[in-house]
Amino acid sequence: MTNIMTAMAQALADSIPMLVISSVNKVADTGSGEGHLHELHDQQGMVSKVALTSKTIWQPESLPKVIAEAFALFNGARPGPVHIQLPIDVITADASHVAKPLI
């Protein structure tokens, strides 16, 4: 995340739509402070300073709504970067039952 934040800050300043998707620890390990997966202290809080919004997908069923919200922001008066983070166990979860977002 620290490598992309400069580009996100520039996109925010220039009103450029940008979708940033990142991983985060497994749901059970998130916020544990045990250093799993290059853990940053409050990654979402850090990224929210250079994004219109930063959301965490805690279950696959939430993805269509969050993606739709991101694209709605891109079509707004002043677009910019949107960050979505997914715990590793959510990334690998079965999502075949989840409806595709209507974008």
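Structural remarks
- Within region 44-65, the residues that satisfy the criterion of being more than 23 Å from D14 (Cα to Cα) and in a helix (DSSP H, G or I) are P60, E61, S62, L63, P64, K65.
- Residues in region 77-99 that are closer than 13 Å to M18 by Cα and either in a loop (DSSP other than H, G, I, E, B) or in contact with a Cys (Cβ under 7 Å, 6 or more places away or on another chain) (or both): 3 in all.
- Single residue of S15, S62, S54 found to be surrounded by fewer than 16 Cβ atoms within 10 Å (Cβ to Cβ), among the small types (G, A, S) and modelled with pLDDT of 90 or more: S15
The values are calculated or read from the model by the stated rules, or taken from the named source; none is laboratory data. Computed from a predicted model, the values in this text were never measured in an experiment. Reconstructed Cβ throughout: ideal geometry from the backbone, glycine too, with neighbour counts over all protein chains shown.
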